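Engineer: I have a structure I would like to understand better, so I am pasting it below and will then ask my questions one at a time.
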Amino acid sequence: MPRPEKHVFVCTQSRPAGHPRGSCGEKGCREVWEAFLDEMEQRQLFDKIAITNTGCLGPCSVGANVLVYPEGVMYGKVTAADVAEIFESHLVGDAPVTRLQLPAEVWG
Ligand code: FES
């Protein structure tokens, strides 16, 4: 397997209803995950881009969250409707989608 140029982690964590942290599961992450899979199928970029579903990435309150490496860009409040733009602008065009980018403090 060639080393991917971009690696996308899509949080697909769910928690029980009423959990104080909430989760991306209650914010549409399943649809986001499926939208990434659909885009990959359409674009056939399997040798350049890796997409992985993952557990909690940290900032649950602003999910659904998506993390892209090697840049370490964290996207928040991502919906399925945003996925094509993330693909075209960031994963293919190397220009992160600033309107969805969480501030650097997310890592603090
Ligand atoms: S549940 Fe998705 S970031 Fe925590």
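Engineer: Need the failing condition index for residue 84 against (1) free of Cβ contacts under 8 Å to residues at least 60 places away in the same chain; (2) under 13 Å from the mean Cα position of the chain (by Cα); (3) crowded, with 17+ Cβ neighbours inside 10 Å, just the number.
Structural biologist: (3)
Engineer: I need the full set of residues from the stretch 54-82 which are in a strand (DSSP E or B) and of a type in the set (Val, Ile, Thr), in order please. It would help to see each step written out before you state the result.
Structural biologist: Pass one, the stretch 54-82, residues in a strand (DSSP E or B): 54, 66-69, 73-75.
54, 66, 68, 73, listed by residue number.
Engineer: Next question. Could you run through the stretch 60-77 and say how many residues are among the polar types (S, T, N, Q) and either surrounded by fewer than 24 Cβ atoms within 10 Å (Cβ to Cβ) or within 11 Å of residue 26 (Cα to Cα) (or both)?
Structural biologist: Matching residues across the stretch 60-77 total 1.
Engineer: Take the stretch 29-53 and flag every residue that is outside any loop (DSSP other than H, G, I, E, B), touching a residue at least 24 places away in the same chain (Cβ under 8 Å), of a type outside the set (D, E, K, R) and surrounded by 15 or more Cβ atoms within 10 Å (Cβ to Cβ).
Structural biologist: 29, 32, 35, 36, 49, 50, 51, 53
Engineer: Look at the stretch 39-55 and say how many of its residues are more than 16 Å from the ligand (Cβ to nearest atom) and not aliphatic (A, V, I, L, M).
Structural biologist: So the answer is 8.
Engineer: Do the conditions hold for residue 2, that is, is it within 16 Å of the ligand (Cβ to nearest atom), of a type outside the set (A, V, I, L, M, F, W, C) and surrounded by fewer than 17 Cβ atoms within 10 Å (Cβ to Cβ)?
Structural biologist: Answer is no for this residue.
Where a number appears in this text, it was derived from the coordinates with a stated rule and is not lab data. What you see is a predicted model, and the numbers here were worked out from it, not measured in a lab. Note that each Cβ is placed from the backbone with ideal geometry, even for glycine, and that neighbours are counted across all protein chains shown.
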